[in-house]
Amino acid sequence: TREQLRIIVTTRPNNNIDKSLQFFVVRLDDLNGIEYQTVIQKLTDDAKLASTLINRVETHTAQIKGLLCTPLMVTLLIISYKAYQELPTQLSGFYDSLFQTLLQRHDGSKPGYTRERGCKLDDLQYRRTFETLCILAKESKESSFTHEDMYRFSKNALLKNDFSESPDKYLNDIVKITCLILRDGEEYRFIHKSVQEYYTAAFIEKKPEPW
């Protein structure tokens, strides 16, 4: 019967559905302790790979385990590990390789297959623009953005790097290919706050000291 039907909805906090009297709201905790290991085992279809990755995480000198607080971050770790078959020695190395790995991961999954991109930028140009976009978004001091916000950030990031590409096409590539920016309806968010912070820092690092 209708009364016996159970519906589970997952959403970000403060979404309008939270206010529905038809639902009991439960806030999910981060992954704690060794809970990340269960997520790795569920996301990989290779028990040996899962065991090796878990062992490397547990013995990692830079404590990469501290990043694995959500299933999303665990997923990124698995993608990175499959691409390089090793974990970076520093946490910065994980973030540094992330953009390239995600930008190309579809390309390398099938021999001779290249995922179509909307912009005629090479990988380095995509990254330079993304770093610029990150600092522009950071300066706004917001955590979620409208399409108009992201269009403006993309347009200014391309202009600042002297690239004459469509802001909409660039943003679409970042959302659909790298998934480092997520679109939920009309709202955009970075996949994780630390991703935005790392690439903002990468932008600043390239600037001269007076800047």
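Examine region 103-125 for a residue that is modelled with pLDDT of 85 or more, open to solvent by 20 Å² or more (accessible area, probe 1.4 Å) and of a type in the set (Val, Ile, Thr), and state whether such a residue exists. Among the residues of region 103-125, not one is modelled with pLDDT of 85 or more, open to solvent by 20 Å² or more (accessible area, probe 1.4 Å) and of a type in the set (Val, Ile, Thr), which makes the answer no.
Restricting region 177-188 to residues that are free of Cβ contacts under 8 Å to residues at least 60 places away in the same chain and under 11 Å from the mean Cα position of the chain (by Cα) leaves a set whose member that is surrounded by the fewest Cβ atoms within 10 Å (Cβ to Cβ) is LEU182. Among the numbered conditions (1) assigned to a helix (DSSP H, G or I); (2) closer than 25 Å to ALA47 by Cα; (3) hydrophobic (A, V, I, L, M, F, W, C); (4) open to solvent by less than 50 Å² (accessible area, probe 1.4 Å), the only one that LEU87 does not meet is (1). With respect to PHE203, determine if the residue is aromatic (Phe, Trp, Tyr), open to solvent by 20 Å² or more (accessible area, probe 1.4 Å) and modelled with pLDDT under 95. Taking the combined requirement at face value, the residue does not satisfy it. Annotation note: Cβ proximity below 6 Å between a residue of region 142-164 that is assigned to a loop (DSSP other than H, G, I, E, B) and surrounded by fewer than 18 Cβ atoms within 10 Å (Cβ to Cβ) and a residue that is at pLDDT below 95 and among the basic types (Lys, Arg) (sequence gap 6+ or interchain) occurs for SER144/ARG189. Taking region 36-68 as the range and being assigned to a helix (DSSP H, G or I), of a type in the set (D, E, K, R) and farther than 17 Å from TYR95 by Cβ as the test, the residues that pass are LYS42, LYS48, ARG56, GLU58. Taking residues in region 37-66 that are in contact (Cβ under 8 Å) with a residue 24 or more places away in the chain and open to solvent by less than 80 Å² (accessible area, probe 1.4 Å), and partners anywhere that are among the polar types (S, T, N, Q) and not in a helix (DSSP H, G or I), the pairs with Cβ atoms closer than 7 Å and at least 6 places apart or on different chains are ALA62/THR89; ALA62/GLN90. Residues in region 120-141 that are farther than 19 Å from ARG183 by Cα, not in a helix (DSSP H, G or I) and not acidic (Asp, Glu): LYS120, LEU121.
The values are calculated or read from the model by the stated rules, or taken from the named source; none is laboratory data. Every value quoted in this text rests on a predicted model; they were computed, and no experiment measured them. All Cβ positions, even for glycine, are placed from backbone atoms using ideal geometry, and neighbour counts span all protein chains on display. Only protein heavy atoms, including side chains, enter the accessible area calculation; ligands, DNA and RNA are left aside. Shrake-Rupley method; radii C 1.70, N 1.55, O 1.52, S 1.80 Å.
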